[in-house]
Amino acid sequence: RRDLVVVGAAEDDRAPVVLREQLGDERRALFGRLPRRVDGLGQTLAQRTMMIDAREAEIGERQPAQAGDRLVGGHRAGADVVEQLAQGRFVHKRRQYPRTVTRIAFLGPAGTFTEEALLSQPDLAEAELVPMPSFPDVLRATADRDVDYGFVALENSIEGTVRLVMDLLVFEHELLIQREVVLPIRQNLLAPPGLALSDVRRVVSFPDALAQCRDFFERELPGAEIVAANSTAEAVQLVASERPSGTAALGTALAAKLYGLEVIAADVEDSAENMTRFVLVAREAIPPITGHDKTSIVCFQQADRPGSLHGILGQFTARNINLTRLASRPTKKALGEYCFIIDLEGHVDDEIVADCLRDLHAQLKNVKFLGSYPAASEHGPAVRRDAEAKWKAADDWIASLRQQVRR
């Protein structure tokens with residue numbers, strides 16, 4: 001295999017040698033799928049050393065087995081490495097993780113946009129990443145405590161809400177958003193070597209991805225059959241393994257490299273501003289206030305009456321709280337009965353936000369809290385620093401005034 005980082009040592013075990021090849025910008029994303037480290041394999045074969053080292057975020061060459069080699073590793077191993085002396089090669093297989101290792105479920109297989117967004121977060125990329133066949137499986141595994149976190153797509157700038165995910169969060173599971181991640185989406189048409197764009201008669205991919213490229217299909221592939229798959233990477237995997245006649249897949253450039261396809265048309269999305277918002281969810285805990293936060297709630301009305309939505313929105317207007325998103329979904333109980341999904345600026349630990357939520361809870365049939373979490377923004381760190389500085393200055397000012405009070 002060529003998907004292991006192999007670090008060897010000389011006879012005296014003091015001079016490590018890294019065998020690797022450069023893969024450009026894809027190195028980090030590829031590494032995110034690899035075993036992090038090998039931990040206490042308990043397999044001693046002799047004096048020389050072979051190990052996988054998580055500090056080398058690159059792909060390495062395999063090395064022929066040496067009689068009497070031993071396998072060692074570091075903390076938080078992601079896989080066992082088994083030396084096959086007869087074949088003279090390494091293979092790796094999954095093993096049971098100690099529960100001290102954070103496990104995050106995401107939409108697999110390798111090469112999805114979900115994985116790409118997940119790996120953009122350095123701390124999340126250090127976890128054990130668990131691919132799942134669908135978003136419902138990701139959320140179910142999180143709710144059932146099979147994993148610590150789930151990572152799912154929630155909203156796209158072209159197609160809007162990922163309705164399946166939103167409905168599961170609102171109606172099926174009690175999960176809290178811990179973080180949001182916004183990823184620019186670049187769709188690529190991928191095909192086996194030798195298949196030209198003019199030869200494509202069928203395109204397979206995730207439904208939301210297909211919907212983001214309608215104009216391209218109408219312009220370049222009129223009449224092509226559009227086929228749904230569970231994920232973009234699954235579609236790429238299918239085309240790469242089965243090679244159906246005249247069939248291409250929509251997916252990432254990384255997926256093309258992983259599965260041996262070629263990019264026959266790049267950046268085929270209908271909008272250059274195509275962005276997808278992903279969220280990290282967990283069963284419990286609310287992240288601390290940062291000064292640049294977002295809160296998500298679901299409001300259920302007592303009854304469908306004139307002005308009911310105005311009454312909800314008035315609570316935010318009265319407190320000068322900005323809403324970043326307002327959507328409605330059927331409650332699935334009666335025709336014409338809707339709930340309102342609201343994202344607002346601020347944190348439940350903000351007194352003004354807490355006061356608003358208190359009034360809404362008293363006024364409405366129900367308010368479901370989906371989480372308060374750091375808002376994703378390129379200016380987020382600066383906004384948080386400014387907010388922290390302002391709060392400190394205000395706190396110092398109050399402290400100075402109180403010192404002047406006669407006792």
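The values are calculated or read from the model by the stated rules, or taken from the named source; none is laboratory data. All of these numbers come straight from a predicted model, not from anything done at the bench. In this analysis, Cβ positions are derived from the backbone assuming ideal geometry, glycine residues included, and neighbour counts consider all displayed protein chains. These accessible areas exclude ligands, DNA and RNA; they are computed on the full protein's heavy atoms, side chains included. Shrake-Rupley method; radii C 1.70, N 1.55, O 1.52, S 1.80 Å.
For this structure, a couple of remarks:
- Any hit, the stretch 375-391, residues being of a type outside the set (Val, Ile, Thr), modelled with pLDDT of 90 or more and not in a helix (DSSP H, G or I): yes
- Residue in the stretch 307-330 that is surrounded by 14 or more Cβ atoms within 10 Å (Cβ to Cβ), touching a residue at least 60 places away in the same chain (Cβ under 8 Å) and either out of contact with any Asp or Glu (no Cβ under 7 Å at 6 or more places or on another chain) or on the phi > 0 side of the Ramachandran plot (or both) present: yes
- Residues that are free of Cβ contacts under 8 Å to residues at least 40 places away in the same chain and open to solvent by less than 10 Å² (accessible area, probe 1.4 Å), drawn from the stretch 166-205: none
- Among (1) at pLDDT 95 or above; (2) part of a loop (DSSP other than H, G, I, E, B); (3) among the basic types (Lys, Arg) - the single one ARG99 does not satisfy: (1)
- Those residues of the stretch 329-345 which are within 25 Å of THR317 (Cβ to Cβ) and of a type outside the set (Lys, Arg), in sequence order: THR331, GLU337, TYR338, CYS339, PHE340, ILE341, ILE342, ASP343, LEU344, GLU345
- Filter pass, SER372 being modelled with pLDDT under 85, outside any helix (DSSP H, G or I) and within 19 Å of SER296 (Cα to Cα): no
- Complete set of residues in the stretch 267-293 that are crowded, with 21+ Cβ neighbours inside 10 Å and over 30 Å from GLU242 (Cα atoms): PHE278, VAL279, LEU280, VAL281, HIS292, ASP293
- In the stretch 206-233, the residues that are closer than 17 Å to GLY246 by Cα and among the aromatic types (Phe, Trp, Tyr) form Cβ pairs under 9 Å with partners that are open to solvent by less than 70 Å² (accessible area, probe 1.4 Å) and assigned to a helix (DSSP H, G or I), at six or more places apart or across chains, as follows: PHE217/LEU210.
- In the stretch 237-266, the qualifying residues are those that are part of a helix (DSSP H, G or I), touching a Gly at 6+ places or on another chain (Cβ under 9 Å) and of a type in the set (Gly, Ala, Ser), and the one that is surrounded by the fewest Cβ atoms within 10 Å (Cβ to Cβ) is ALA240.
- Tally of residues being out of contact with any Gly (no Cβ under 9 Å at 6 or more places or on another chain) and closer than 22 Å to PHE206 by Cβ across the stretch 99-109: 3
- Meets criteria (open to solvent by less than 10 Å² (accessible area, probe 1.4 Å) and either of a type in the set (Phe, Trp, Tyr) or in contact (Cβ under 8 Å) with a residue 12 or more places away in the chain (or both)) for PHE151: yes
- Residue within the stretch 105-122 that is open to solvent by 30 Å² or more (accessible area, probe 1.4 Å), modelled with pLDDT under 50, of a type in the set (Gly, Ala, Ser) and out of contact with any Pro (no Cβ under 9 Å at 6 or more places or on another chain) present: no
- Of the numbered criteria (1) modelled with pLDDT of 95 or more; (2) open to solvent by 30 Å² or more (accessible area, probe 1.4 Å); (3) part of a strand (DSSP E or B), the one ASP137 fails is (3).
- Restricting attention to the stretch 362-372 and to residues that are surrounded by 15 or more Cβ atoms within 10 Å (Cβ to Cβ) and not aliphatic (A, V, I, L, M), the residue that is farthest from the chain's Cα centre (by Cα) turns out to be GLN363.
- Of everything listed in (1) modelled with pLDDT of 90 or more; (2) charged (D, E, K, R); (3) out of contact with any strand residue (DSSP E or B) (no Cβ under 8 Å at 6 or more places or on another chain), the single unmet condition for GLU128 is (3).
- Only residues that are closer than 23 Å to ASP293 by Cα and either open to solvent by 60 Å² or more (accessible area, probe 1.4 Å) or among the β-branched types (Val, Ile, Thr) (or both) were counted in the stretch 332-358, giving 9.
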